[in-house]
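Have a look at the structure below before the remarks.
No value in this document is a laboratory result; all are computed from the given coordinates. Since this is a predicted model, take the numbers as computed values, not measurements. Quick reminder, even Gly has a Cβ in these numbers, built from the backbone with ideal geometry, and neighbours come from all protein chains shown.
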Amino acid sequence: MDIDFGCTMCGNCCHDLRLPLTVAEALAWLGRGNEVQILCEALPWPEEPAADNLQAAHKRRRSFAAMSGSLPTRIVVILTGAFAGACPNLQADMRCRIYEERPFVCRIYPAEINPFIQLEPANKGCPPEAWTPGLAPLMRAGQLVDATTVDLIARSRAADAADVPVKQRLCALLGIDVAALANEGFVVHSPSREALLAALREVSAVGSGDVLAEERSPSAAAPVWRFVSNRRATVDALVSVGALGDCVDGGGEAAFEYLGFFPAVG
Ligand code: SF4
Ligand code: SF4
């Protein structure tokens, strides 16, 4: 597949988002007075996948090890700049107020950061004229060819992996230990901006040696994670293999919001 692309500055991609942020970007986002949410998903990880399983390696790189009851799991934590309507950095003329410091994900769009997702123009917010043949080459034969975007994606993935110990420490500090089953939804934790900024600064300032040791061998003293789902069958299946699990009603509860991809089934 060949794709040419030219941004029309329509602003569609700057509305109604949970924008994934690196730790450094989240610190800057919070520092500008904006909100950041913490999304958590958990992957049952009863044994290490084969070394040539590239999808598993990708998931492993951006997650940390934990236990849920007796079930080994891996936890993915995503920091997101969350906003309804226009991004707080979007100006009336559709220019980005923080253009020079905008997050990786804004620079990379509409390309995909996940190496296992193929760019599909129909799934993007860009208008048809942004994909007019003859504009700047973005993909050739299904491969990204825009060197800037390729470099940004590599840096984004590297930051994602490097941030894992910091996120693990952040969850421990904030007492976050609840996640959705991966591919079924996210648990959204929304500490106050002030509390999250202070916690992120604290965990970013600490060396990662202790966390890495814990990551290699999650001990009995490590936080125990709990799955939640809006589907009873999911909870029952997880509990049957030793995990801790609870049902949510989909409407959220005091400590977190459940963002399910599927209708609730009791
Ligand atoms: S930071 Fe800038 S580019 Fe990113 S969503 Fe906000 S306005 Fe758009
Ligand atoms: S939706 Fe596409 S065309 Fe519109 S501003 Fe974003 S990247 Fe540009």
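Being within 16 Å of ligand 2 (Cβ to nearest atom), among the aliphatic types (A, V, I, L, M) and touching a strand residue (DSSP E or B) at 6+ places or on another chain (Cβ under 9 Å) is the filter here; which residues of segment 1-44 pass it?
3, 17, 19
Please enumerate the residues belonging to segment 116-128 that are in a loop (DSSP other than H, G, I, E, B), out of contact with any strand residue (DSSP E or B) (no Cβ under 9 Å at 6 or more places or on another chain) and either within 13 Å of ligand 2 (Cβ to nearest atom) or not polar (S, T, N, Q) (or both). Please lay out each step first, then the result.
Taking segment 116-128 as the starting set, the residues that turn out to be in a loop (DSSP other than H, G, I, E, B) are 116-120, 124-127.
With out of contact with any strand residue (DSSP E or B) (no Cβ under 9 Å at 6 or more places or on another chain) added as a condition, the list becomes 116-118, 120, 124, 127.
Answer for segment 116-128, where residues must be in a loop (DSSP other than H, G, I, E, B), out of contact with any strand residue (DSSP E or B) (no Cβ under 9 Å at 6 or more places or on another chain) and either within 13 Å of ligand 2 (Cβ to nearest atom) or not polar (S, T, N, Q) (or both): 116, 117, 120, 124, 127.
Can you name the residue in segment 142-190 that is within 30 Å of residue 245 (Cβ to Cβ) and polar (S, T, N, Q) and is also surrounded by the fewest Cβ atoms within 10 Å (Cβ to Cβ) among such residues? Don't jump to the end; show me each part of the working.
Within segment 142-190, the subset within 30 Å of residue 245 (Cβ to Cβ) is 160-161, 163-190.
In the following step, the residues that additionally are polar (S, T, N, Q) were identified as 168, 183, 190.
Details: 168: 24, 183: 9, 190: 15.
In this case the residue turns out to be 183.
Identify the residue in segment 24-52 that is touching a Lys or Arg at 6+ places or on another chain (Cβ under 9 Å) and free of Cβ contacts under 8 Å to residues at least 12 places away in the same chain and, among all such residues, is nearest to residue 178 (Cα to Cα).
48
I need a count of the residues in segment 50-87 that are away from ligand 2 (no atom under 16 Å from the Cβ) and assigned to a loop (DSSP other than H, G, I, E, B).
Initial filter on segment 50-87 (away from ligand 2 (no atom under 16 Å from the Cβ)): 50-80, 82, 84.
Those left that are additionally assigned to a loop (DSSP other than H, G, I, E, B): 50-53, 62-63, 69-70.
Residues meeting the conditions: 8.
Table: residues versus (1) over 30 Å from residue 27 (Cβ atoms); (2) under 15 Å from the mean Cα position of the chain (by Cα); (3) assigned to a loop (DSSP other than H, G, I, E, B); (4) within 16 Å of ligand 1 (Cβ to nearest atom).
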position	(1), (2), (3), (4)
107	no, no, no, yes
114	no, yes, yes, no
130	yes, no, no, yes
148	no, no, no, yes
154	no, no, no, no
157	no, yes, no, no
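Looking at segment 96-105 only, could you name the residues that are within 8 Å of ligand 1 (Cβ to nearest atom) and either touching a residue at least 24 places away in the same chain (Cβ under 8 Å) or not in a loop (DSSP other than H, G, I, E, B) (or both)? Break it down into steps so the answer makes sense when it comes.
Keep residues of segment 96-105 that are within 8 Å of ligand 1 (Cβ to nearest atom), which gives 96-99, 102-103, 105.
The answer is 96, 98, 99, 103, 105.
When only residues in segment 32-62 that are touching a helix residue (DSSP H, G or I) at 6+ places or on another chain (Cβ under 7 Å) and within 22 Å of residue 156 (Cβ to Cβ) count, which is surrounded by the fewest Cβ atoms within 10 Å (Cβ to Cβ)?
Applying the filter and picking the extreme gives 61.
If a residue must be in a loop (DSSP other than H, G, I, E, B) and either in contact with a strand residue (DSSP E or B) (Cβ under 7 Å, 6 or more places away or on another chain) or of a type in the set (A, V, I, L, M, F, W, C) (or both), how many such residues does segment 159-190 contain? Reasoning before the result, please.
Of segment 159-190, the ones in a loop (DSSP other than H, G, I, E, B) are 163, 175-177, 182-184, 190.
Remaining after also requiring either in contact with a strand residue (DSSP E or B) (Cβ under 7 Å, 6 or more places away or on another chain) or of a type in the set (A, V, I, L, M, F, W, C) (or both): 176-177, 182, 184, 190.
So the answer is 5.
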